[in-house]
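Heads up: the structure comes next, in structure tokens.
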Amino acid sequence: MSYSDFTLDKVRKTFDLTIIDKLDIFASIPEIESPTLLTEILKENIPLALASNTEKARSEMIIAPILIAIRKYLNNQISLFSGIDFTVEPAQGLNGNCDFIISHSPELLILNAPVVTIVEAKKENINAGLGQCVAEMVAAKLFNEREGNNIPIIYGTVTTGTNWKFLKLYEQLVEIDLSEYYINALGKILGILSHILAE
């Protein structure tokens, strides 16, 4: 068993979580202006990624440039890991590769204190990726505790690259924002990402 085997119901029962879905959890967070370079990159990349319509294309051509731009916006004070093994508790199924992990540390060679776990949705279905994302968030919480990092809230997002849904985990409570944020509102996505990383 691994992260990708978890459904939302399965992760809720396995880790005794309370799941609350709310509308507009992140709606009050202000937008930030998209850097010109990112806007140009996405103008070229989005049609290519959508034509390919694979997770890999969406990940490399849309999601990665956005995350790299956020890292630059935050003065490189965070680190970004892509496709790394994140085995935390294999007996509980908390093992496997994570699409992206953003660490609240500028250190690039060693993973410290994951804050946001990002998963692209499988087959363009964001809701199908929620269980996997929550499982990775639970693993991040355990990882932080073992490393002595006091990070009370873990954030996650499930994205197709063009649609983004955000989550947060606090103790045993998972809040899922029912709102989806779309790539045509890139400033809002950038605002939410920068806000949760700067917290």
Checklist outcome for this item: Taking Rh as the Kirkwood radius computed over alpha-carbon pairs of the range 66-108 and applying Stokes-Einstein at 10 °C with viscosity 1.306 mPa s, one gets a diffusion coefficient in µm² s⁻¹ of 141 µm²/s
Next on the checklist: If I model a spin label as a point 7 Å beyond the Cα along the Cα-Cβ vector, how far apart are those points for Lys13 and Ala51 in nm?
Outcome noted: 4.5 nm
Item to check | Rg/Rh (Cα only; Kirkwood hydrodynamic radius) as it applies to the chain | outcome: 0.94
Item to check | Inter-label distance, nm, simple model (7 Å from Cα along the C-beta direction), Asn184/Glu31 | outcome: 1.2 nm
Checklist entry - Taking the Cα centre of each part, how many Å lie between the range 16-73 and the range 94-125? => result 14 Å
Next on the checklist: Which one, Ile46, Ala113, Gly83, projects farthest toward the positive side of the charge dipole computed for the chain from Cβ point charges (K/R +1, D/E -1)?
Outcome noted: Ile46
Item to check | Estimated translational D of the range 86-199 in µm²/s (Stokes, Kirkwood radius over Cα pairs; 20 °C; 1.002 mPa s) | outcome: 150 µm²/s
Next on the checklist: If I take every Cα pair under 8 Å that is 6 or more residues apart in the range 35-175, average their sequence separation and divide by the length, what percent do I get for the relative contact order?
Outcome noted: 17 percent
Checklist entry - For the range 94-179, what is the charge dipole size about the Cα centre, in debye to the nearest 20, if Lys and Arg each add +1 at the Cβ and Asp and Glu each add -1 at the Cβ? => result 140 debye
Next on the checklist: Here is the link list: Lys10/Lys72; Lys13/Lys123; Lys43/Lys122; Lys13/Lys122. Which ones come out longer than 32 Å on Cα distance?
Outcome noted: Lys10/Lys72
Checklist entry - Which FRET efficiency value, to the nearest 0.05, do you get for Asn76 and Leu23 by plugging their Cβ-Cβ distance into 1/(1 + (r/R0)^6) with R0 = 25 Å? => result 0.15
Item to check | Solvent accessible area, Å² - His104, 1.4 Å probe, full protein context | outcome: 80 Å²
Next on the checklist: Apply the a/c threshold of 1.5 to the C-alpha gyration tensor of the range 1-73 and tell me whether it is rounded, prolate or oblate.
Outcome noted: oblate
Item to check | Segment Leu142-Asn125, extension gain: residue separation times 0.36 nm, minus the distance between their alpha carbons | outcome: 3.4 nm
Checklist entry - What angle do you read, to the nearest 10 degrees and between 0 and 90, between the alpha-carbon axis of helix 36-52 and the longest principal axis of the chain? => result 70 degrees
Next on the checklist: Output the 0 to 90 degree angle, nearest 10, between the alpha-carbon long axis of helix 130-146 and the longest principal axis computed from the alpha carbons of the chain.
Outcome noted: 70 degrees
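When ranked by the protection proxy of mean other Cβ atoms within 10 Å per residue, highest first, what sequence do the peptides 39-47, 183-191 form?
Details: 39-47: 14.4, 183-191: 17.1.
Result, highest mean Cβ count within 10 Å first: 183-191, 39-47.
The values are calculated or read from the model by the stated rules, or taken from the named source; none is laboratory data. Remember, it's a predicted structure, so these values are computed and weren't measured experimentally. Glycine also receives a Cβ, built like all others from the backbone with ideal geometry; neighbour counts cover every protein chain displayed. Accessible surface areas use protein heavy atoms only, side chains included; no ligands, DNA or RNA. Shrake-Rupley method; radii C 1.70, N 1.55, O 1.52, S 1.80 Å.
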